[in-house]
Structures are given as structure tokens and as C-alpha cells.
Amino acid sequence: MKVSKRTEYGLRAIVTLAEHDKIDSRPVPLREIAAEEDIPEAFLDQIFGLLRKEGIVTSVRGVNGGYTLADTPEHIRMGQVIRVLEGDVAPIGCVSEEFADPEDFCAKAVKCYTRNVWLKLNESIIQTLDGLSLADVLLDQTADQPVIAKSI
């Protein structure tokens, strides 16, 4: 799975938003996040539009406006964020949630020996992403060890 810039920037930005939330719960303007993460503000605006629409962040208008997390970092799953920004995380169409019947993707899907490889890979991706919360990412940020998926 190759991750797009939208997803890369979106994850960096939401982690930055969560870091600000730990310090104080004030809304954070996009220009601050864009400056901290070196992300074009216009692109960040599109990303946060998607995250707001899906209820991951909330926006506050006005002079002291900006964005806040819609829920606690413990309840925001990395899989949820990535699906909003990237779409389906399946490595190949025959295991995608988009196709209820794998044969809609490929006529050989039912008798395909390699499909099991893709199913196992897809399951691992989903377990890893859904097993990580934003809080886990923040904790791992301060630790000097690789991020490891937590049990759900």
C-alpha cells in the first residue's frame, strides 16, 4: 500500500493537533499546524474538511477559531483517519471492501491461489491500523521504540 501525501500530511497534522490539545484545549488555527508541519495551508484546509465531515475534528469560527479533536485521542483510531483520507486500505481490489463479491473485481478471484496472500496482508493492515489510537501514536512519539499495535 502506497500512502498519498494527503494521508501523510493528514496524519502529521492530526498528531500535531492532538499535541496542542494536551497543552491546552483551545482551537488551533490551520496556519499554525501548517507552519509547524511545513504543509501548504490550502492543502491542509482540504484535508481538515474531510476530517471535519467525518466527525474526527471540529471547527470553531471566529478570531480565536481553529480546529479541535472531536473525541479523545484514545477513541480516534488510525484506521478511521486513514480510511477518510486514503479510502480503502486493501492492497488489491479482490480483497477490497468496495467489492462485495470478489468476482466483481476478477473472474479468477474464487479460484485464485494468491488471493489468500492478499487476504492475510489486508487483515494485517486493518488489525494494525485499527489497533492504534491517536493516543498510542502520541505515547510512542515520546518513547524510543517502534510503534506496536495494541489489542482492541
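Laboratory data are not the source of any read-out in this text; all were calculated from the coordinates shown. Keep in mind that this is a model prediction, so the values were computed, not measured. Positions of Cβ are backbone-derived with ideal geometry, glycine not excepted, and every protein chain shown enters the neighbour counts.
Between VAL3 and LEU139, what is the label-to-label distance in nm when each label sits 7 Å out along the Cα-to-Cβ direction? Label-label distance for VAL3 and LEU139, simple model: 2.0 nm.
Take the alpha-carbon positions of the chain, form their convex hull, and give its projected area averaged over all directions (one quarter of the hull surface) in nm².
Details: hull surface 41.5 nm².
The Cα convex hull of the chain, projected and averaged over all directions, gives 10.4 nm².
Suppose R0 equals 25 Å. What FRET efficiency, 1/(1 + (r/R0)^6) with r the Cβ-Cβ distance, do LYS53 and ARG31 give to the nearest 0.05? The formula returns an efficiency of 0.75 here. Relative to the longest principal axis of the Cα atoms of the chain, helix 115-131 runs at roughly 20 degrees.
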